[in-house]
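Quick notes on the structure that follows.
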Amino acid sequence: MDAFFASVELLRYPQLKGLPLVIGGGRRRADDALQASRAGLPLSEIPVADFPRLRDYAGRGVITTATYAARQFGIGSAMGLMKAARLCPDAILLPVDFDEIRRCSRAFKAVIREIAPLLEDRGIDEVYIDFTEVPGGQREGGRVLARLIQRGILDATGLSCSIGVAPNKLLAKMASEFNKPAGISVIHESDLQRLIWPLPCRKINGIGPKTDQKLQALGIHTIGELAAQPLQALLRQFGPSHGAWLHEAAWGRDDSPVVTHSEPVSVSRETTFERDLHPVRDKAELGAIFTRLCEQVAADLRAKGYVGRTIGIKLRYDDFQSVTRELTVEQYSADAREIRRIAGQCLKRVDLTRRLRLLGVRVGTLARPDLLAASPGPAPGLQAGLSLPLF
DNA sequence: TCTGGGGTCCTAGGACCC
DNA sequence: TCTGGGGTCCTAGGACCC
């Protein structure tokens, strides 16, 4: 989806079209001013002058989405809001409306599923689609079906998306970025040298800042340069698994399937405080936050229909160093008090003399309670042992 | 100028088992 | 007194993605 979070807001506030608009922020509501001016007015008639600006923000948030107009100023995703405010103080800032985002996310995925059911969910605003077997999927190399999907999403939601069509997910993902926004690009294996190899390595999905830095240090800047590296050299530098993957990716090879269903691995909640808190001096405040996080995780688990038996915490100190602790217990649970009890034991195993900026609670090793009841494992009194000598 | 929140997957070491 | 070759599970950290 193109500038998804921002585009969703533009549906409500069309008067902001073409203006630099940024979505993000932490706890502090960026739309306080808007709430006040809203009274009695249709949303689309709220004067542009009444919208909150980046310059008025003074919190710890980052940018989730910037419209293309805002990107002109050098603003981008994951940038701190304070830095963004310096680049474009007049940009309008709105908070993320998660309920509305989720609604739009479900809506656009539903449109795609109607046309092409083999869909892999890649988060709130992205999917992979296998339309090899969809009737008409091969027309114009897939371009016809891509147009159909694009049009269907626009009609149903008013939102635009960009589609890349390719022989595999790796290339399709890169292709989807060629013509943003509202673009379609179709690429074939034979386009590898011309279209893919000139790109920076960072464009490969799976090469992040760390790997890129390491590649740069080796004098490897483009995907073509990476492809030219002897496999042996990559294996030596990056280990057998990562090295082999880098080589394959540079050659545009990816045989990973489109996965239509997956079970969640963990559920977590975390929060960055408005100001750093001291475990001793701000004990009461931290305790309340801790309890709330446990309650939220428990509620999320129950809403999704899962229980878990690995309970963990995450801390971030004021110097941004993060630590985690976890404990796996016998009994599955989705109970806030039980989660808090185990998480509390984890807390005892970390340094609590330094100021914290973040606290998180996580539950892993998940199971569905209904399935658990169906196969309770070895019941007491029914256990048997059998051993045979090996030789 | 400090850097959100929710996830997945991988690695590596240690405990423990056969 | 020295020392194998599997395997699973648990834990901590880190890279990466949306």
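Report the residue count in segment A:107-138 for those that are more than 16 Å from DNA strand C (Cβ to nearest atom), touching a strand residue (DSSP E or B) at 6+ places or on another chain (Cβ under 6 Å) and not small (G, A, S).
Result for segment A:107-138: 1.
Of all residues in segment A:277-304, which are more than 13 Å from DNA strand B (Cβ to nearest atom) and over 25 Å from A:R60 (Cβ atoms)?
none
Can you name every residue in segment A:149-173 that is more than 16 Å from DNA strand C (Cβ to nearest atom) and assigned to a loop (DSSP other than H, G, I, E, B)?
Passing the criteria: A:G158, A:P167.
For segment A:308-331, what are the residues that are crowded, with 19+ Cβ neighbours inside 10 Å and either near DNA strand C (Cβ under 8 Å from one of its atoms) or within 19 Å of A:L371 (Cβ to Cβ) (or both)?
A:G308, A:G312, listed by residue number.
Could you grab me the full set of residues in segment A:178-200 that are farther than 22 Å from A:R106 by Cα and assigned to a loop (DSSP other than H, G, I, E, B)?
Passing the criteria: A:F178, A:N179, A:I187, A:H188, A:W197, A:P198, A:L199.
Which residue, of A:R355, A:R341, is in contact with a His (Cβ under 9 Å, 6 or more places away or on another chain) and modelled with pLDDT of 95 or more?
A:R355
On the given criteria, is A:R151 touching a residue at least 24 places away in the same chain (Cβ under 8 Å) and surrounded by fewer than 18 Cβ atoms within 10 Å (Cβ to Cβ)?
no
Considering only segment A:213-227, I want to know if a residue exists there that is of a type in the set (S, T, Y), surrounded by fewer than 17 Cβ atoms within 10 Å (Cβ to Cβ) and not in a loop (DSSP other than H, G, I, E, B).
no
The values are calculated or read from the model by the stated rules, or taken from the named source; none is laboratory data. Since the structure is predicted, the reported quantities are computational estimates derived from the model, not experimental observations. Ideal geometry is used to build each Cβ from the backbone, glycine not excepted, and the neighbour counts take in all protein chains shown.
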